[in-house]
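Asks: Starting off with a structure, shown below.
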Amino acid sequence: MTLLLAGSGRAITSVHHGIDARPIDRHQISIRNYPRKRVDEESLDEFFLVSLERTVNRGATLSLHGICYEVPPQYIGQRVEVRFPQDRPTELYLYDNDVRMCRIQPVDSRFNGKQLYRPSTRISDVALHQMDTQSQGELS
């Protein structure tokens with residue numbers, strides 16, 4: 001069987017005088033000497049992640065595709081890089097200086113809704129002033 005190179009009309013099974021071998025044989029030898037390096041699937045996925053930048057708001061959340069995601073609080077007010085696979089846009093990863101920090105999850109509105117808001121008691125200015133005058137009276 002004779003294989004032809006596209007457009008040249010020369011067979012790759014005939015001896016090439018520049019390499020003193022048939023091109024097909026030379027190719028087979030180079031494959032054995034330099035095997036292909038296979039990249040694992042996880043690393044390959046990493047190369048094709050979609051990258052976006054978002055600003056983390058004061059509630060330690062960011063919004064992407066209409067969904068609110070929780071972010072670690074140390075990133076509040078900062079512009080962060082978020083990456084995700086194109087076929088799974090809800091699988092978000094937070095990156096800091098090209099290093100994957102963590103996977104970020106959507107805000108669980110049912111859990112957040114069950115939390116009761118109990119504001120801490122605040123001492124009024126009048127009561128605070130009265131406490132100051134009482135403590136000054138004890139000192140004298």
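The values are calculated or read from the model by the stated rules, or taken from the named source; none is laboratory data. Just so we're clear, the structure is a prediction, and the values are computed from it rather than from any experiment. Cβ: placed from backbone, ideal geometry, glycine included. Neighbour counts: every protein chain shown.
Asks: Which pairs turn up if I take residues in segment 51-73 that are assigned by TED's automatic domain parsing to the domain that holds Pro85 and loosely packed, with under 13 Cβ neighbours inside 10 Å and look for partners that are of a type in the set (Asp, Glu) and in a strand (DSSP E or B) with beta carbon separation below 7 Å, at least 6 apart in sequence or on another chain?
Replies: Filtered contacts from segment 51-73: Ser51/Glu81; Glu53/Glu81.
Asks: In segment 57-75, which residues are under 20 Å from Phe111 (Cβ atoms) and assigned to a loop (DSSP other than H, G, I, E, B)?
Replies: Asn57, Arg58, Gly59, Ala60, Gly66, Val71, Pro72
Asks: If we keep just the residues of segment 17-55 that are in contact with a strand residue (DSSP E or B) (Cβ under 8 Å, 6 or more places away or on another chain) and part of a loop (DSSP other than H, G, I, E, B), which is nearest to Val71 (Cα to Cα)?
Replies: So, considering only residues that are in contact with a strand residue (DSSP E or B) (Cβ under 8 Å, 6 or more places away or on another chain) and part of a loop (DSSP other than H, G, I, E, B), the one nearest to Val71 (Cα to Cα) is Leu49.
Asks: Among the residues of segment 76-97, write down those that are under 15 Å from Val50 (Cβ atoms), assigned to a loop (DSSP other than H, G, I, E, B) and without any contact (Cβ under 8 Å) to a residue 40 or more places away in the chain. So that I can check it myself, show each step before the final result.
Replies: At the first step, the residues of segment 76-97 found to be under 15 Å from Val50 (Cβ atoms) are 80-95.
Remaining after also requiring assigned to a loop (DSSP other than H, G, I, E, B): 85-91.
Matches in segment 76-97: Gln86, Asp87, Arg88, Pro89, Thr90, Glu91.
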